[in-house]
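Here's the structure, in C-alpha cells; my notes come after.
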Amino acid sequence: MTLTLTCVAKTYGSGPRALHPTDLRIETGEILSLLGPSGCGKTTLLRLIAGLEEADPGAEIRFGDEDVTHLPVERRHIGMVFQSYALFPNMSVRDNIGYGLRMQRLPRAEIRSRVEEVIALCRLEPYADRAITALSGGQRQRVALARAFAPRPRIMLLDEPLSALDAALRLALRDELAALLRSFGTTVIFVTHDQDEALAISDRVAVMEAGQIRQIGTPEELYRAPRSPFVAEFVGHAMPLAGARRVGGLHLAGGILPLPAEAGPGPVYVRAEDLRLDPHGPLRACVDSVTFLGTHYRLGLSALTDQRLYALHHGQSAPRVGEAVTLSIAPEALICLPL
Amino acid sequence: MTARHFGTLCLLPLLIFSLAFLALPLVRLVLSSAAGEAGWGIYLQMLQKPRYLSALAQTLAVSAAVTVVALAVSTTAGLYLARNRFRGRAILLSILTLPLAFPGVVVGFMIILLGGRQGLVNQITPGHLVFAYSTFGLFLGYLYFSIPRVLLTVMAAAEKIDPALEEAARSLGAPPSRVLWDVLLPALRPAMVAAGAIAFATAMGAFGTAFTLATDIDVLPMVIYTEFTLSANFAMASALSIALGLVTWSVLLIARSLSGGAVASGG
C-alpha cells in the first residue's frame, strides 16, 4: 500500500514548528527510515502518520486511495512498535500478540491460528506462554513486532526499535530485524538516530534536520552523493576540507589537493577511510593522536586544515604521535557538494 | 561493627516501640476480655447478641460501600487529573485534598450542616430531607474522608503509567473503553488495592464522625465506646475490639490474596 503525505506539518501549541510542511511518497513494500538527530522531527512525522498526533490544517495523509488525515489511530489500521515496546504486562506473550486480532472481533479459531502463525514467523515458540516480565530485551522486541504485525496492518511504524537494547545485542538484532521486516512484506517506516541502522535496514533513507527532510534516497546515494554539509556529516561522518579554490586545486594549510575537473564551486568533503597515508602524497599533516581499534588505527591529524581531521589506517604499524606524515586522497573519493 | 549489625540496630527503635505500644496493650486487651464473669465465654455471648452482630454487619456494609464508591470516584478523577494539564488544576487538587486537613469530628459537623435538621438540604427541599443522623450520613462523611486519600494514591500510580501502553492499545484498534479495561485498570490495580485497603480500614475504625452524627447509628466503634464508658463493661468492650480488629484484618487479607501478589507492599 502506498503512503502519500502532502503538506504535512505540525506545530505544538504556540511553540516553533516541530515539522515543516512535508511531502513524501512511500511505495508498497518499501522500507523507509527517517534518520536524524534528536529533535529533528522524525518521531513527530511518524506519530502524524500513525494518527497519534493531528497535523496542522491543510495536510493530507493518504493510505493508498483512502484519505486518513482525520482518522484516529485506532481506525487507521497500522502496526506500531514503540521505543519502550509498550507490551501489556498483565498479558502473556500470546495474549499480547492476539490483542489486535481480538479488537477486530475475529472468530476465536482464526485468532488462534493467526497468532500461532506469527509466533512461528518471529520464532517465539519457546516463549509463547511466558509473562512479559520473563523476557529479555531482544525477545520483547520480537514480541512487540509480532503484536504489531499480527492484525496484518496496512503499514508498520517503528520508533527506534533497537535503542532500548545494549550495544552488542543491537548489532546482532539489527540484521534479524531487517530480515523479519522483509519477510513481512508490508510498507515499513522506521525512525532512528543511528545511521548504521538506517543504512543497513532500509530501501530508502530520509535524512531529517530541524523539522525538514534534507535529502531522501537509497543508502548508497546518501553515502556517496550527499547534497548538503549536514547530510555529508551525519551520514558517514564526512569531514570538511576547508581551503581556497585556486589554480591547481584546493589550497589547504597542508598542501594543494588536485580536484577532479567536474568539481563544482561548492564545499569539498572527505571521509576518514579515504584519507590515506602515502609517502608520495601531496598533503602534509602532523599526527595528533593514535587510537588502535583492532581492524585499523584511527589517526587524529592536525595542520592539514584548521580543523582536526581523522584518517583510518590499515596496517601492522602506525605512525607515532607528533610525527609528520604525507597523505593523498583519491579524486573519486572526494565529495563535492553543490553550492 | 559490620553493616549487618548496623542494619539490625536500626530496627531497634521500631522494635521497642512495637513492643511497648502495640504488643503489650494487645496482650492486655486479650487478657482483659476474659477477665469478666463469663471468662472466655464472653466471645460466645458476643456472638449470641443480635445487637453486636448487626453492628458488625452495618460497619462492614458502610465500609465496603465507602471503599467501592471512593475507588470509583477517585480512579476516574485521578486518571483525568494525572493526564491533563489545565488552568486551575493545582487549585482544584488542593480543594480535593482539603478533607485531609479535617478530623472526623469536623467532617461529621459538615454533614450535619448539609443534611441535618437545620441543614442546607432540609431548608431548600420541599419534603424536608434529613439524612445526617442516619447510616447514609455516616456513609457520606466517610466517603468525604476517604476520597482524597484514594485520589492521591491513584494519581501517583496513574502518572507512572507509560503513555505508550495506551497508544499501543489504540494502535491495535482498542476503543477507549477497552484501553481503560485492558491497560489502565490493570496498571492501577496495585494502587487501587492499597488505597482501597486504607479506605476500608479507616472506615471500619472511624469514630469521630459517627460520634458527632448521632448515637443511634450502631457501628462497632460506637458500640465499643458505649460498652466501655456507659456500661463499664470492660470485658465486652475488649472482646468487641478484638473482633473488630480481626474482621478488618481478615477482610484486608482476603482482598490482598484475591488481587494477586503485587499488593504485598500496599495498605
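The values are calculated or read from the model by the stated rules, or taken from the named source; none is laboratory data. Quantities reported herein were computed from a predicted structural model and do not represent experimental measurements. Here Cβ is always computed from backbone atoms with ideal geometry, including for glycine, and neighbour counts include all displayed protein chains. SASA here: full protein model, heavy atoms, side chains in, ligands and nucleic acids out. Shrake-Rupley method; radii C 1.70, N 1.55, O 1.52, S 1.80 Å.
Nearest-5 percent of antiparallel DSSP beta bridges in the range A:3-234? Kindly include the intermediate steps, with their values, before the conclusion.
Details: 18 of 36 bridges.
Bridges in the range A:3-234 are about 50 percent antiparallel.
Test of understanding: express the Cα radius of gyration of the range A:289-330 as a ratio to 2.2 N^0.38 Å, with N the residue count. Working shown, then result.
Working: Rg = 10.2 Å, N = 42, 2.2 N^0.38 = 9.1 Å.
Its radius of gyration relative to the 2.2 N^0.38 Å reference: 1.12.
Using only protein heavy atoms and a 1.4 Å probe, report how much of B:TYR144 is accessible, in Å² to the nearest 10.
Answer for B:TYR144: close to 80 Å² accessible.
Among A:PRO338, A:LEU250, A:PHE292, whose Cα sits farthest toward the positive end of the charge dipole of the range A:195-339 (+1 at Cβ of Lys/Arg, -1 at Cβ of Asp/Glu, about the Cα centre)?
It is A:LEU250.
Which value results when the Cα radius of gyration for the range A:240-336 is divided by 2.2 N^0.38 Å? Could you put the intermediate results ahead of the total?
Details: Rg = 13.0 Å, N = 97, 2.2 N^0.38 = 12.5 Å.
For the range A:240-336, the normalised Cα radius of gyration is 1.04.
Out of all DSSP beta bridges in the protein assembly as shown, what portion is antiparallel? Express it as a percent rounded to 5. Walk me through the numbers on the way to the answer.
Working: 47 of 65 bridges.
For the protein assembly as shown, the DSSP antiparallel bridge percentage is about 70.
What is the dipole size for the protein assembly as shown, taken about its Cα centre, with +1 at each Lys and Arg Cβ and -1 at each Asp and Glu Cβ, in debye to the nearest 20?
Once rounded to the nearest 20, the dipole reads 1100 debye.
In debye, nearest 20: dipole of the range B:1-142 around its Cα centre with unit charges on the Cβ of K, R (+) and D, E (-)?
Result for the range B:1-142 is approximately 460 debye, rounded to the nearest 20.
How much mean residue ellipticity at 222 nm does chain A get from its helices, if each DSSP H run of length 4 or more adds -39500 (n - 2.57) and you divide by all residues, to the nearest 500 deg cm²/dmol? Before the final figure, lay out each step's value.
On the way: 8 runs with 84 residues, N = 339.
After summing the helix terms and dividing by residue count, I get -7500 deg cm²/dmol.
Return the long-range amide H neighbours of A:GLU209 (sequence gap of 5 or more, or a different chain), with a cut-off of under 5 Å between placed amide H atoms.
Correct list: A:ARG214.
Under the definition of Cα pairs under 8 Å and six or more residues apart, what whole-number percent is the relative contact order of chain B? Before the final figure, lay out the partial values.
On the way: 293 pairs, mean separation 74.8, N = 267.
Computed value for chain B: 28 percent relative contact order.
Set Lys and Arg Cβ to +1 and Asp and Glu Cβ to -1, take the dipole of the protein assembly as shown about its Cα centre, and tell me which of A:ALA179, B:ALA64, B:PRO25 lies farthest positive.
B:PRO25
With a 1.4 Å probe and all protein chains in place, put B:ILE95, B:ILE124, B:ILE42 in order of accessible area, largest first. Each step should come with its number before you reach the end.
On the way: B:ILE95 105, B:ILE124 130, B:ILE42 10 Å².
Heavy-atom accessible area, descending, gives B:ILE124, B:ILE95, B:ILE42.
Divide, for the range B:108-229, the radius of gyration over alpha carbons by 2.2 N^0.38 Å, where N is the residue count.
Working: Rg = 20.1 Å, N = 122, 2.2 N^0.38 = 13.7 Å.
So the Cα radius of gyration is 1.47 times the expected 2.2 N^0.38 Å.
Helix A:137-149 against the longest principal axis of chain A: what's the angle in degrees, Cα atoms only, rounded to the nearest 10?
For A:137-149 against chain A, the angle is about 60 degrees.
Restricting the calculation to Cα positions, tell me the Rg (one decimal) and the Dmax (whole number) of chain A in Å.
24.1, 77
For B:TRP249, tell me the accessible area in Å² from a 1.4 Å probe, rounded to the nearest 10.
150 Å²
Starting at 0 and stepping by 10 Å, how many percent of the alpha carbon pairs of chain B end up in each bin?
6, 22, 27, 24, 14, 5, 1, 0
Please state the relative contact order of the range A:3-234 as a whole percent: Cα pairs under 8 Å, 6+ residues apart? Before the final figure, lay out each step's value.
Values: 428 pairs, mean separation 65.3, N = 232.
It rounds to 28 percent for the range A:3-234.
Place a +1 charge on the Cβ of each Lys and Arg in the range A:240-336 and a -1 charge on the Cβ of each Asp and Glu, then give the dipole magnitude about the Cα centre in debye, rounded to the nearest 20.
160 debye
Only Cα pairs within less than 10 Å get springs; with that Gaussian network setup on chain B, which residue of B:SER146, B:SER257, B:SER74 has the largest fluctuation?
B:SER257
What fraction, in whole percent, of alpha-carbon pairs in the range B:52-123 exceed 21 Å separation? Show your work: numbers first, answer last.
Working: 1326 of 2556 pairs.
When every Cα pair of the range B:52-123 is considered, 52 percent fall beyond 21 Å.
Kindly point out which whole DSSP H helices in chain B project their C-alpha atoms 30 angstrom or further along the helix axis while averaging a Kyte-Doolittle hydropathy of 0.0 or above. Write out the running numbers ahead of the final one.
Values: long enough: B:50-83 (49 Å, 1.11); B:135-160 (37 Å, 1.10); B:234-258 (36 Å, 1.77).
Sorted by number, the helices that extend far enough and score high enough are B:50-83, B:135-160, B:234-258.
Which of rounded, prolate, oblate describes the protein assembly as shown, given a ≥ b ≥ c as roots of the alpha-carbon gyration tensor eigenvalues and a/c under 1.5 marking rounded, otherwise prolate only if a/b is larger than b/c? Don't skip to the answer; put the middle values down first.
Working: a/c = 2.87, a/b = 2.35, b/c = 1.22.
Prolate, because a/c is 1.5 or more and a/b exceeds b/c.
Given the range A:31-87, what whole percent of its Cα pairs are spread farther than 18 Å?
Numbers: 619 of 1596 pairs.
Percent of Cα pairs beyond 18 Å in the range A:31-87: 39.
The range A:1-141: D in µm²/s via Stokes-Einstein (Kirkwood Rh, Cα pairs, 10 °C, 1.306 mPa s)?
Details: Rh = 17.3 Å.
Estimated diffusion coefficient is 92 µm²/s.
Please give, to one decimal in nm, the separation of the simple spin-label points placed at B:VAL27 and A:THR218, each 7 Å out from Cα toward the Cβ.
Simple spin-label model gives 8.6 nm for this pair.
Sum -39500 (n - 2.57) across every DSSP H segment of at least 4 residues in chain B, then divide by the residue count to get the 222 nm mean residue ellipticity, nearest 500. All intermediate terms of the calculation are to be shown ahead of the outcome.
Numbers: 14 runs with 193 residues, N = 267.
Taking each H run of at least 4 residues, the total per residue is -23000 deg cm²/dmol.
Taking A:LYS42 as the anchor, which lysines have their alpha carbon closer than 16 Å to its alpha carbon, excluding any fewer than eight residues away along the same chain?
Of all the lysines, those that pass the test against A:LYS42 - Cα under 16 Å, at least 8 places apart if same chain - are A:LYS10.
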